[in-house]
Structure formats: structure tokens, C-alpha cells
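The values are calculated or read from the model by the stated rules, or taken from the named source; none is laboratory data. This structure is a prediction, so every number in the text was calculated from the model and none was measured. When we count neighbours, we look across all protein chains shown, and the Cβ atoms used for this are built from the backbone with ideal geometry, even at glycine. Just the protein is used for accessible areas: all its heavy atoms, side chains included, with ligands, DNA and RNA removed. Shrake-Rupley method; radii C 1.70, N 1.55, O 1.52, S 1.80 Å.
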Amino acid sequence: MQNLQGAGAVVTGAGHGIGRALAARLVAEGARVVVNDLDEDACRSTAEELGATAAPGDCSSDAGVRALVDAATATLGRIDVFLANAGIDRTQPDSLQASDEDWAAMIDTNVMAHVRAARALVPRWLGDGGGGRFVVTASAAGLLTMIGAAPYSVTKHAAVGFAEWLSVTYGHRGIAVQAICPQGVQTRMLDQAGPLKDLLTRDAALTPEQVADAWVDSLADDRFLVLPHPEVGAYYAARAADPDAWLASMRRLQAKVDQLTGAGQ
Ligand SMILES: NC(=O)c1ccc[n+]([C@@H]2O[C@H](COP(=O)([O-])OP(=O)(O)OC[C@H]3O[C@@H](n4cnc5c(N)ncnc54)[C@H](O)[C@@H]3O)[C@@H](O)[C@H]2O)c1
């Protein structure tokens, strides 16, 4: 089991929500933590409240990631754990008409941020022989699909796919990789989900702290998939066992949503 006591940890998107809770739990476990967020004020106030170090900035661009990794390495000496948590959802009522700009922004933040962070970190971890832990906050939308949200579902599938590839490729060389895949979590993102909020909270929405607890619990057996909502494991198994039956049930759900929102009338 990874010992977090004294570990050097970085959390992106830690100004609010799940990232903030992950950072708080890391501090409580005795880790030395660098928090990042695009929202500079939120980043600095999180750092001050938790006793962490602020490294505000964009964790999705290549230059932003490299600046973050350099700043965090200067502060921590070594990054042992990197939590690529920042994510965005620009879902509009008609996902098919989402603009190229929205697709590009979500691909950048929900996928390329992880690719760029791994690109900066993995060679360092392999080079110093000390291993490392790379944790992606993906989503249940990356294992199943999210009704009404094409760019979010597609980019979260890519996030899980990239994490899986990293685990396959570097796991035997001492690099641990995990994907946290929650359903509804009580954060600003859920508040902004509009008509989808009811659907996302059909199974109880968790607090960000419960997600952070689920991640720390997962370290005991080093599971790749961290499922704070255990029911997601059952849905994922059902999807794999019979994709057509699963799709039929999702279509029934979509039809109910169409009725509620008056879509297609
Ligand atoms: N809330 C949910 O129901 C839910 C469910 C499943 C997965 N997730 C995922 O959890 C992660 C955290 O989401 P949250 O619910 O805490 O949302 P949130 O909006 O409360 O927090 C996300 C934080 O990321 C920051 N951020 C966004 N883009 C950034 C960038 N380029 N660089 C640095 N910081 C950036 C934001 O400023 C914000 O502080 C996301 O990846 C999200 O997709 C959320």
C-alpha cells in the first residue's frame, strides 16, 4: 500500500470540489501537497486553508503542465503522486450541435491534460527508479455513457483509455495508475448540470469528501478502477456482459429524459 505520509503530491483543479477534497485528505494523511487551479483565488485560498502550496495555472496546456511539474518538483523535491483531477463539462442541451471549440476545450482539459502530465512525469519517474502514482479523475461517464452529453462521455472514455494504456505500459516498471470514476458528486459541476442533475442524482450523489475517502481506501489493494459509487461496477459489468441489453436500457432512460424535457416534440 502506498504510504502517503511525507509523500510529495500534486492535485490539479484543487480550488473547488473533488480536487479540494483530495488535497485535504492528502494533507490529513501527512502528504506534502501542491494544489493547482486555473482559478487563482480559489487555488491560493485552498492552499492557505489546507497548509498546502499554491501553483495556480492552466494544467491542460503543455506549457502549463510543464510549469506545474517544475514548480511542484522545486517545492516537493520529488512528485510521488500526481492527481490529474481538473475537468470541465460544457454540455449544451443539444450535444450533437456542440461547437468545435467546446469539443476542443473538453479534449484539452479532460484528456490532453493527462497525456501532457504523463509525458512530463513518466520519464522522470523511470529515470530516478523511484516509481510514481498517476491518478486520473475520470467519471462513470467514461465507463458507461452520460445521457445527453457527447463530448463529456467521449472525453471521459478517452481519459479512462489513456490511464489504462499507461497502466499496461508502465505498471511493471513501478508506476501505479488509477482512474477514479464517480457518478454524481455534490460540486459546482453537478449544480451546473441543468436538467441532467436529476438523472445524475438518481443514485445518491456523494460528497467530494466521500470520493477522496474512496480513493484512499483503494490504495489498500491498489485497484485501477476506483468506484466511489459501487453500483457503477454492476452497471459496467452488465454493459460488458450484454452490450445490446445495456444499450436498450439506456435508450429507455433517454426516452424518459426526452419526455421530461419535451425533446423531439
Ligand atoms: N461532480 C460530479 O458529479 C463529477 C462526477 C464524475 C466525475 N467528475 C470529475 O471530477 C473532476 C472534478 O470535478 P468537480 O465536480 O470537483 O468540478 P468543479 O467544477 O467543482 O472543480 C473543478 C476545478 O477544476 C478547475 N479547472 C478546470 N480547468 C482547469 C485547468 N485547465 N487547469 C487547472 N484547473 C482547472 C476549475 O477551476 C475547478 O476549480 C472533473 O474531472 C470532473 O469531470 C465530477
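Okay, here's what the table says:
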{"quantity": "Derived scalar couplings ³J(HN,Hα) [the range 229-234; Karplus, 6.51 cos²θ - 1.76 cosθ + 1.60; whole Hz; x for Gly, Pro]", "calculated": "9, x, 4, 4, x, 5"}
{"quantity": "Residue-averaged [θ]222 nm for the chain, counting only DSSP H segments that reach four residues, each worth -39500 (n - 2.57)", "calculated": "-15500 deg cm²/dmol"}
{"quantity": "Carbon + sulfur, % of accessible area of the chain - ligands and nucleic acids excluded, 1.4 Å", "calculated": "52"}
{"quantity": "Using alpha-carbon coordinates, inclination of helix 62-76 to the longest axis of the chain, degrees", "calculated": "40"}
{"quantity": "Helix 243-261 axis, angle to the chain major axis (alpha carbon atoms, nearest 10°)", "calculated": "70"}
{"quantity": "Degrees, to the nearest 10: 208-218 long Cα axis against longest axis of the chain", "calculated": "70"}
{"quantity": "Average Cα contact separation per residue, the range 8-230, under 8 Å, 6 or more apart, as relative contact order %", "calculated": "19"}
{"quantity": "Accessible area per residue in Å² at 1.4 Å probe, computed on the range 81-177", "calculated": "39"}
{"quantity": "Pairwise FRET efficiency - residue 192 versus residue 97, Cβ, R0 = 25 Å, nearest 0.05", "calculated": "0.85"}
{"quantity": "Local net charge near residue 155, Cβ-Cβ under 13 Å (Lys/Arg +1, Asp/Glu -1)", "calculated": "-1"}
{"quantity": "Of 60, 167, 153, the one that fluctuates the most in a GNM where the chain has Cα springs shorter than 10 Å", "calculated": "167"}
{"quantity": "Equivalent-ellipsoid semi-axes of the range 8-230, from the Cα gyration tensor, Å, largest first", "calculated": "26, 19, 18"}
{"quantity": "Within-10-Å neighbourhood charge of residue 179 [Cβ basis; K, R +1; D, E -1]", "calculated": "+1"}
